[in-house]
1. Rounded to the nearest 0.05, what FRET efficiency is calculated for Ala357 and Ala73 with R0 set to 45 Å and r the Cβ-Cβ distance?
2. Beyond 25 Å between alpha-carbons counts as too far, so tell me which of Lys117/Lys290; Lys249/Lys290; Lys53/Lys117 fall in that bin.
3. Using alpha carbon coordinates only, what is the Rg to Rh ratio of the chain, with Rh defined as the Kirkwood radius?
4. May I ask for log10 I(q)/I(0) of the range 15-215 at q = 0.16 Å⁻¹, from a Debye sum over the Cα atoms as equal point scatterers with solvent left out?
5. Residues of the range 251-283 with amide nitrogen under 14 Å from the 7 Å Cα-to-Cβ point of Thr127?
6. Using θ = phi - 60° and the Karplus relation 6.51 cos²θ - 1.76 cosθ + 1.60, list the HN-Hα couplings for the range 273-290 in order, rounded to whole Hz, with x at every Gly or Pro.
7. Among the aspartates and glutamates, select those whose C-alpha is under 13 Å from the C-alpha of Lys219, and discard any that sit fewer than 8 residues away in the same chain.
8. At a Förster radius of 45 Å, what calculated FRET efficiency corresponds to the Cβ-Cβ distance of Glu61 and Ala280, to the nearest 0.05?
Amino acid sequence: MTDAPKAAAAGRAQMKTELPERFRDYKHVWVFIEMERGQVHPVSWELLGEGRKLADRLGVELAGALLGPAGPATEAAVREAVSYGADLVYLVEHPLLGDYRNQPYAEAMTALVNTYKPEILLLGATTLGRDLAGTVATTLATGLTADCTALAIDGEGSLAATRPTFGGTLLCTIHTLNFRPQMATVRPRVMAMPEAEPGRQGRVVRHAVDLEESRIVTKILDFIPDLSTNKVRLAYADIVVAGGLGLQKPENFRLITDLAEVLGAEYGCSRPLVQKGWVAAERQIGQTGKTIRPRLYIAAGISGAIQHRVGVEGADCILAINSDAGAPIFDFAHLGMVGDALTILPTLTEAFRRHLAVDRLAG
Ligand SMILES: Cc1cc2nc3c(=O)[nH]c(=O)nc-3n(C[C@H](O)[C@H](O)[C@H](O)COP(=O)(O)OP(=O)(O)OC[C@H]3O[C@@H](n4cnc5c(N)ncnc54)[C@H](O)[C@@H]3O)c2cc1C
């Protein structure tokens, strides 16, 4: 054992007191199934995949917690949760759990936790998940580790939730030793999507909650979908082409969108391009942007700083184009081209255009 883990273990031993009596019967791993307008966010399935490993390690059950209005979409979500690994689903159906509002969701979730007592509760670090997790953790007066990149069970059976810190230059592992449940959020695409097993059998526990519109302080007057954001499917794209400061001028970013269009890919960028106003913020990839897991990631004029790397490491194949052979991106790229992105990108675009046209003719 090196000195650092020894010191960490000693520190934990000092911090740890006996788990208070009132938390001793907290058992099982839960995943919040995030459903909006009948659509379940795929991060819920990613978390069920990860939750399965934690539950198996602890020898306990894995449950989904689903809130929504009664109806076929909710029933379908229950079946899907079971197919992705949930042994049971705690279901709260209520007309006021349609469009998300913090107060009824937090009340329903807190009631579920207080009644059935999970030891671990995982939520997606989406806009909805972050909002709900903070309120529920505060109401329950327990610990919440946000934006985790790894989850594990330590030797004493407690959740070890790892996340970047100090601007992404260090990773820290956080334990909620003396409170329950141990809560964590994880961003979409950080965890791998598990295989669904259609027809898998699970149980449903229906729980009634008493919600009244007159007690809810926020009112939904209208629902206006954000079509611009909905168009960005970056996190779940099969192919992503991204550019960085090596592109030198905002007008050169067209070389990225041209290649993306030919490949039927999504496009993204490094953070400085967002900061300079060249590209919209929802296109940023990395620690403070999107995490991606495409089959192919093409990064042009991107140095590969750690904060960018953490967002792309899950890609099956990374092709880096950089004029500096010593750029850090070549340490983790699978394929590399050393040269000027401004000439390589149009050449690639043209080559793919011709190649794909020939394929289409042949097909
Ligand atoms: C708290 C925090 C959070 C952050 N979050 C993120 C994040 O989410 N995402 C992110 O990307 N960054 C993030 N950053 C910033 C990160 O540290 C880097 O500064 C950033 O990723 C660098 O962007 P870049 O690679 O485009 O630019 P640079 O680091 O300047 O790299 C430009 C690269 O282009 C190459 N190049 C130059 N000319 C050419 C050419 N003609 N052809 C080919 N290559 C060329 C250069 O060799 C160089 O490697 C964060 C930083 C902090 C502190």
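Laboratory data are not the source of any read-out in this text; all were calculated from the coordinates shown. Predicted model, so just to flag it, every value in this text is computed and none were measured. Cβ sites come from the backbone with ideal geometry, for glycine too, and all protein chains shown count toward neighbours.
1. 0.65
2. Exceeds cut-off: Lys117/Lys290.
3. 1.02
4. Evaluating at q = 0.16 Å⁻¹ gives log10 I(q)/I(0) of -1.00.
5. So the set is 281-283.
6. Using θ = phi - 60°, the values come out as 5, 6, 4, 7, x, 6, 9, 5, 4, 5, 9, 6, 10, x, 3, 9, x, 8 Hz.
7. Filter leaves Asp99.
8. On the way: r = 42 Å, r/R0 = 0.94.
FRET efficiency, Glu61 to Ala280: 0.60.
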